[in-house]
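The values are calculated or read from the model by the stated rules, or taken from the named source; none is laboratory data. Computed from a predicted structure; not experimentally measured. No Cβ is skipped: glycine too gets one built from the backbone with ideal geometry, and neighbour counts run over all protein chains shown. Accessible surface areas use protein heavy atoms only, side chains included; no ligands, DNA or RNA. Shrake-Rupley method; radii C 1.70, N 1.55, O 1.52, S 1.80 Å.
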Amino acid sequence: MTRADATGAAAAVDMEHRWLGATGLEVPVVGMGTWQTFDVRDAPGEARAAAIVAEALDHGVRFFDTSPMYGRAEEVLARSLGGRRDQAIVATKVWAPDAVLGEEQIERALSWFGGRVDLYQVHNLVAWRDHLPLLERRKVEGSVKAVGATHYTVDRLHELEKVMRSGRIGAIQVPYNPRERSAEERILPLAEQLELGVVISRPFAGGSLTRRVPGPRDLEPLRPFGVRTWPQALLKWVLSDRRCHVAIPATRRPGRMTENADAGSPPWFGTTERDYVARLAAAL
């Protein structure tokens, strides 16, 4: 089933959408990250990035996550969106040691993304006390829809908890996959309690979970859930935890976003299937 988007093109509607906590943003459960893959510096690289973005949008993948830490990824994403910016939900980050440089990053990103960013996050909690007031002001002004914070290391999750409890953010971004499950203990329950949006990074463990893959026979029990490939099984594993609202795998390969998007529809795994995928991952 399809619907016509703002350009008149056909867009998939079977991907599930979830509210990103209480931010007011409704997001497709499969998004796209840009770490490493969009830090390109030549015309062929930018053309490939633009093709991947177009493929993503055509298949309902409208949530794009980037950061100034990712080299040229912010700028390349902005150019790749082109005239389709209004179809996208853009999440970027401020990643600077102080408020002066943070202000410069924010102004630059807003100029690239048409004067607005849907979710603006403090990257890895760097100087978060300096940056939250900057983002809160932009939210009041209307150029930022929601404010969030991210981190990826276990030893900093206690600090992320502190920011979550402050009442100053509406969303978090944390890694979560069958090998990295620290978020299950405290972060995901707290996010649910506080009605915070949850963006999941590293659903493939930075690619380490896809270097080797289970065989077709191992995936056969997951076929009733629409799973044809191991990356789809990993995405389904994450998204079957309904405390997770959008997962953001990155890719530089045309065709992969179509495959990822196909993992964004029910039916979802139960405990038995999630345990099975976790065992497969542990055996790789």
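The alpha-carbon of Lys145 sits under 24 angstrom from the alpha-carbons of these lysines, leaving out residues fewer than 8 places away in its chain: Lys93, Lys162. Taking all protein chains into account, the per residue accessible area for segment 168-284 stands at 43 Å² (1.4 Å probe).
Only DSSP H runs of four or more residues enter the estimate; each adds -39500 (n - 2.57), and after division by the residues of the chain the mean residue ellipticity at 222 nm equals -11000 deg cm²/dmol.
Along segment 92-103 the Karplus relation, 6.51 cos²θ - 1.76 cosθ + 1.60 evaluated at θ = phi - 60°, assigns HN-Hα couplings of 10, 9, 9, 9, 8, x, 8, 5, 5, 5, x, 4 Hz to successive residues, with x for each Gly and Pro. Computing semi-axes √(5λ) of the Cα gyration tensor in Å directly from the structure and comparing it against [x] 28, 23, 17; [y] 39, 25, 16; [z] 26, 23, 19 singles out [x]. Take the Cα of Glu16, step 7 Å along the line toward its Cβ, and report every residue of segment 259-284 whose backbone nitrogen sits under 19 Å from that point. Residues 259-278 fall inside that zone. Size of segment 74-232 from its Cα atoms: along the principal axes, largest to smallest, the extents are 54, 40, 26 Å. Database remark: amide H of Arg18 closer than 5 angstrom to the amide H of Val27, Val29 (H placed geometrically; neighbours at sequence offset of 5 or more, or on other chains; Pro and chain starts carry no H). Centroid-to-centroid, using Cα positions, segment 102-173 and segment 66-82 are 17 Å apart. Here segment 194-284 exposes an accessible surface that is 50 percent carbon and sulfur, computed with a 1.4 Å probe and the other protein chains kept in place. Short-range pairs are left out: with C-alpha atoms under 8 Å and at least six residues apart, the relative contact order of segment 85-220 is 17 percent. For segment 1-150, a/c is not less than 1.5, where a ≥ b ≥ c are the root eigenvalues of the C-alpha gyration tensor, and a/b does not top b/c. That puts it in the oblate class. How high is the relative contact order of the chain, given as a whole-number percent (alpha carbon pairs under 8 Å, six or more residues apart)? Relative CO of the chain lands at 21 percent.
Averaging Cα coordinates gives a centre for segment 35-54 and one for segment 209-284; these two points are 25 Å apart.
For segment 183-284, the set of GluC sites (Glu not before Pro) satisfying both a DSSP loop assignment and a count of at most 15 other C-beta atoms within 10 Å is given as Glu185, Glu195. Surface composition of segment 109-186: carbon and sulfur atoms hold 48% of the protein heavy-atom accessible area at a 1.4 Å probe.
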